[in-house]
């Protein structure tokens, strides 16, 4: 993925004539995925969802503790 992103960025800078679709096919990556990463809609080059989490890690830990407490108390 990183090589494909680098090749696309190089084509943009040099004004090359190799299309994003061609680079994606060479690297076995869906063109839409490569396009999102090159345009910055998804950060990085690793395989990740790219979505930001709603909760911070401390808030997530607090929520986990509340859920565990509720589980210990039982429901229904």
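The label point for residue 70 and the one for residue 54, both projected 7 Å from the Cα toward the Cβ, are 1.3 nm apart. Computed from Cα atoms, the angle from the helix 57-73 axis to the main principal axis of the chain rounds to 40 degrees.
How far, in degrees from 0 to 90, does helix 2-14 lean away from the longest principal axis of the Cα atoms of the chain, to the nearest 10? Once rounded, the angle reads 50 degrees.
If I take every Cα pair under 8 Å that is 6 or more residues apart in the chain, average their sequence separation and divide by the length, what percent do I get for the relative contact order?
On the way: 38 pairs, mean separation 19.5, N = 76.
Once divided by the residue count of the chain, the mean separation gives 26 percent.
FYI, it's all coordinate maths here, none of it is from the lab. Bear in mind that the values here come from a model prediction, so they are computed numbers and not experimental data. We place every Cβ from the backbone using ideal geometry, glycine too, and count neighbours over all the protein chains shown.
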